[in-house]
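Read the structure below first, then the notes.
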Amino acid sequence: AQSVAQPEDQVNVAEGNPLTVKCTYSVSGNPYLFWYVQYPNRGLQFLLKYITGDNLVKGSYGFEAEFNKSQTSFHLKKPSALVSDSALYFCAVRDLTSGTYKYIFGTGTRLKVLA
Amino acid sequence: ETGVTQTPRHLVMGMTNKKSLKCEQHLGHNAMYWYKQSAKKPLELMFVYNFKEQTENNSVPSRFSPECPNSSHLFLHLHTLQPEDSALYLCASSQGSLGGYEQYFGPGTRLTVT
């Protein structure tokens, strides 16, 4: 069965420091992988995705993520965190071979950037 | 309006009431989705529509009834809900329902069942 794990409920980082939000996945075939961000009282907002090609994907607001097939991971990174990056981050996966229409989401990681 | 809009933003209803949630997307997408978001749980996919046809019903209780009259509009009709149905209901759309299309979400309807 497809699944996504975000092992950290919360990540704290000082402003200006690099940040990493972790995501691992389990699918039976090749994955499509996504990161979304949710600000308070808002819906999810797309940040970036991995479909194929270069393992390092760049997205909105200076975020990037690295697809690692051997470790089945897709960690979200940013070189220098901003206080405004504080939000809830969701990783999602879609299995290309299952024929399902489902996107499977993780439970979310709350990022707090401290001034 | 741009993007995905949802009305109402907040809804309080009794267990015997009937109400409807509305979603509209202004992106020209062909697929629309309903999700339930509860605290400390993963997003739960409820329904998927592709070109107005329902393609996924994720074992959702019949007290939730979706309707998709066209590719731009999606409704969720609610009746005889339970307190555990209180949650944030999110609508989303994507260009297609298969492949690597990202989803665009509305702001959600915060539903409280009393």
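Entry remark, the range B:1-20: residues being modelled with pLDDT of 95 or more and within 13 Å of chain A (Cβ to nearest Cβ) number 5 in total. In the range B:84-94 there is at least one residue that is in a strand (DSSP E or B), modelled with pLDDT of 90 or more, more than 13 Å from the chain's Cα centre (by Cα) and surrounded by 15 or more Cβ atoms within 10 Å (Cβ to Cβ). In the range B:24-35, the condition of being touching a strand residue (DSSP E or B) at 6+ places or on another chain (Cβ under 7 Å), part of a strand (DSSP E or B) and aliphatic (A, V, I, L, M) is met by at least one residue.
Here the range A:60-92 is the region considered, the condition is being in contact with a Leu (Cβ under 7 Å, 6 or more places away or on another chain) and of a type in the set (G, A, S), and the residue that is nearest to A:C23 (Cα to Cα) is A:A65.
Evaluation of B:S71 against the conditions (1) at pLDDT 95 or above; (2) touching a His at 6+ places or on another chain (Cβ under 8 Å) shows that the sole unmet condition is (1).
From the list B:E24, B:E44, which one is free of Cβ contacts under 8 Å to residues at least 24 places away in the same chain and open to solvent by 10 Å² or more (accessible area, probe 1.4 Å)? Steps first, please.
Working: B:E24 fails: free of Cβ contacts under 8 Å to residues at least 24 places away in the same chain.
Answer to the check: B:E44.
Could you say whether any residue in the range B:54-63 is farther than 23 Å from A:T107 by Cα, within 11 Å of chain A (Cβ to nearest Cβ), open to solvent by 50 Å² or more (accessible area, probe 1.4 Å) and in a strand (DSSP E or B)? Among the residues of the range B:54-63, at least one is farther than 23 Å from A:T107 by Cα, within 11 Å of chain A (Cβ to nearest Cβ), open to solvent by 50 Å² or more (accessible area, probe 1.4 Å) and in a strand (DSSP E or B), which makes the answer yes.
Scanning the range A:1-57 for residues that are more than 9 Å from chain B (Cβ to nearest Cβ), assigned to a strand (DSSP E or B) and among the β-branched types (V, I, T) yields a total of 7.
If you scan the range B:27-41, which residues turn out to be open to solvent by 20 Å² or more (accessible area, probe 1.4 Å) and farther than 22 Å from B:P83 by Cβ? B:L27, B:G28, B:H29, B:N30 - these are the residues of the range B:27-41 that are open to solvent by 20 Å² or more (accessible area, probe 1.4 Å) and farther than 22 Å from B:P83 by Cβ.
The values are calculated or read from the model by the stated rules, or taken from the named source; none is laboratory data. What you see is a predicted model; the values in this text were computed from it and never measured. Cβ sites come from the backbone with ideal geometry, for glycine too, and all protein chains shown count toward neighbours. Surface areas here come from the heavy atoms of the whole protein model, side chains and all, with no ligands, DNA or RNA. Shrake-Rupley method; radii C 1.70, N 1.55, O 1.52, S 1.80 Å.
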